[in-house]
Amino acid sequence: MTPESQADPHHRLYPAVELRGVTKTFTLASGEKLTAVNDLTLTVEPGEFVCVLGPSGHGKSTLMNLIAGFIEPTGGEVLTHGDRVTGPGPDRGVIFQRDTLFLWKRVADNVGYGLKSRGVPKAEREEIVARYLDIVGLTRFAKAWPKQLSGGMRRRAAIAAVFANEPDVLLMDEPFVGLDFARRAVLHQVLIELWSRANNTIFFVTHDLDEALALASRILVVVNGKVMHEARLDLPRPRDAEALLSPEVNAVRLAVLEELEAAMADVDEAGGQFAAAASA
Ligand SMILES: Nc1ncnc2c1ncn2[C@@H]1O[C@H](COP(=O)(O)OP(=O)(O)OP(=O)(O)O)[C@@H](O)[C@H]1O
Ligand SMILES: [Mg+2]
C-alpha cells in the first residue's frame, strides 16, 4: 500500500478499479490457446455503477474473476484503489448467478458470516446483520434456513450478506437471472438503495439491456475480450418508465443494440464463439 492510500482511508485518490493492458489467455485441453480478455484497459472511479454487456463467451466473467482476484492475468495489471490485485480480499464482494448462501447456516448467520470471520464483536455484528436484513426485507426470516426461502428471497439474503461486509467494490455476475419481473424490480430497488448509501463501486454483468439501462452510470459492451463500446447515463435512480423511454436513454439503447447485433453477426459468420475469441 502506498503512503497516499494509507492517508486516505477511503482510497478516494485512486480509481476504484484499474485494468492496464490486461490479457487472459487460457490453454485448452487440445493445446489450443484462447484469449478471453484481450489487452483491456479500463479505469473505474469510486461510486460508479458499471454494467457489462456482451455476447456469451466473450470474456465478461473472466473480467470479473480477474478483478475479484480468483484468477491472474497472463499480461498486464489489475489494481483496486491503487494496489495491485494479488488474490481475493474483503474489499471486493462477489455475487454469482448461482446461490452463494451456506445451506447449513440460518439466514442471519449467513449475513453475519463475513463479519464474524473478520472478528467483528457479537453485539456490533448483530446490529449490522439486523440493519441489512431490514433493508432487504428479511427481518422475519432471520432464523430461517435458506431452503425455506424463495429464489428471490435467497438472492436478497445473498445481497445482504455481501453488503454487510461493506466491500468497496461489488462484483455481480448475472445476479438476477431467472427471477420474475416483480422480484427483479424489488432487487433493483434494494441494490440502488444500498449502493447510494454506501457509495461503493459496482460491476454488474447482465444480458438484459433494459436492466443495464435502469441501473448503470456507465455501460460497457465487451466483445472478444475488449471494450468495444461504452456509454454514460447521468440520470438519477430509480429510473421510472418515462425516464427509460427518454431520448437520452433511447440513444444509448440503440447504440448498444447496434454494437451487440454487429458482434452477433461476426460470431455467426465466424461459426461460433471460439472462432471469434480464439487468437495467438
Ligand atoms: N478456466 C477456463 N479455462 C479455459 N477456458 C476458459 C476458462 N474460463 C473461461 N474460458 C473461456 O474464455 C472465454 C470467455 O469466457 P467467459 O466465461 O469470460 O465468458 P462470458 O462473457 O462470461 O460468457 P457468458 O455470457 O456465457 O457468461 C470462453 O471462450 C470460455 O470458454
Ligand atoms: Mg459469464
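Summary table below
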read-out	value
Matching residues in the stretch 167-222 - criterion: being over 24 Å from GLY69 (Cβ atoms), in contact with a strand residue (DSSP E or B) (Cβ under 8 Å, 6 or more places away or on another chain) and β-branched (Val, Ile, Thr)	ILE219, VAL221
Of all residues making up the stretch 113-129, the number that are surrounded by 16 or more Cβ atoms within 10 Å (Cβ to Cβ) and more than 12 Å from VAL162 (Cβ to Cβ)	4
Condition check for ALA212: within 16 Å of the chain's Cα centre (by Cα), within 16 Å of ligand 2 (Cβ to nearest atom) and at pLDDT 95 or above	yes
Only listed residue being at pLDDT below 95 and open to solvent by less than 30 Å² (accessible area, probe 1.4 Å), chosen from PRO3, PRO90, PRO55	PRO55
Of all residues making up the stretch 58-68, the number that are β-branched (Val, Ile, Thr) and either more than 6 Å from ligand 1 (Cβ to nearest atom) or open to solvent by less than 10 Å² (accessible area, probe 1.4 Å) (or both)	1
Matching helices (runs of 4 or more DSSP H) fully within the stretch 55-159 where at least 1 residues are away from ligand 2 (no atom under 16 Å from the Cβ) and more than 22 Å from the chain's Cα centre (by Cα)	107-117, 122-135
Unmet criterion (only one of (1) modelled with pLDDT of 95 or more; (2) surrounded by fewer than 21 Cβ atoms within 10 Å (Cβ to Cβ)) for VAL205	(2)
From LEU171, LEU133, residue being assigned by TED's automatic domain parsing to the domain that holds ASP83, of a type in the set (A, V, I, L, M), buried (at least 20 other Cβ atoms within 10 Å of the Cβ) and closer than 22 Å to ALA198 by Cα	LEU171
Scan of the stretch 69-88 for residues that are within 15 Å of ligand 1 (Cβ to nearest atom) and closer than 30 Å to ARG253 by Cα, ordered by number	VAL78
Residue satisfying all of: in the stretch 136-147; within 19 Å of GLN97 (Cα to Cα) and not β-branched (Val, Ile, Thr); surrounded by the most Cβ atoms within 10 Å (Cβ to Cβ) among these	PRO146
Candidates ALA263, ALA255, ALA251 - the one that is within 13 Å of ligand 1 (Cβ to nearest atom), assigned to a helix (DSSP H, G or I) and assigned by TED's automatic domain parsing to the domain that holds HIS58	ALA263
Contacts under 8 angstrom Cβ, first residue in the stretch 205-218 being within 17 Å of GLN189 (Cβ to Cβ), partner among the aliphatic types (A, V, I, L, M) and within 16 Å of ligand 2 (Cβ to nearest atom), 6 or more apart	THR206/VAL52; THR206/LEU53; THR206/ALA212; ALA212/LEU53; ALA216/VAL50; SER217/VAL50
Unique match (being at pLDDT 90 or above, among the aliphatic types (A, V, I, L, M) and surrounded by 15 or more Cβ atoms within 10 Å (Cβ to Cβ)) among LEU257, LEU233, LEU191, LEU245	LEU233
Candidates VAL190, VAL227, filtered to the one that is more than 14 Å from the chain's Cα centre (by Cα) and part of a helix (DSSP H, G or I)	VAL190
Counted residues, the stretch 36-47 - those being buried (at least 17 other Cβ atoms within 10 Å of the Cβ), closer than 15 Å to PHE203 by Cα and either at pLDDT 95 or above or within 13 Å of ligand 1 (Cβ to nearest atom) (or both)	2
Test: residue in the stretch 26-34 that is away from ligand 2 (no atom under 16 Å from the Cβ), out of contact with any Lys or Arg (no Cβ under 8 Å at 6 or more places or on another chain) and not in a loop (DSSP other than H, G, I, E, B)	yes
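The values are calculated or read from the model by the stated rules, or taken from the named source; none is laboratory data. Model, not experiment: these values are computed from the prediction. Note that we place each Cβ from the backbone using ideal geometry, even for glycine, and neighbour counts take in every protein chain shown. Only protein heavy atoms, including side chains, enter the accessible area calculation; ligands, DNA and RNA are left aside. Shrake-Rupley method; radii C 1.70, N 1.55, O 1.52, S 1.80 Å.
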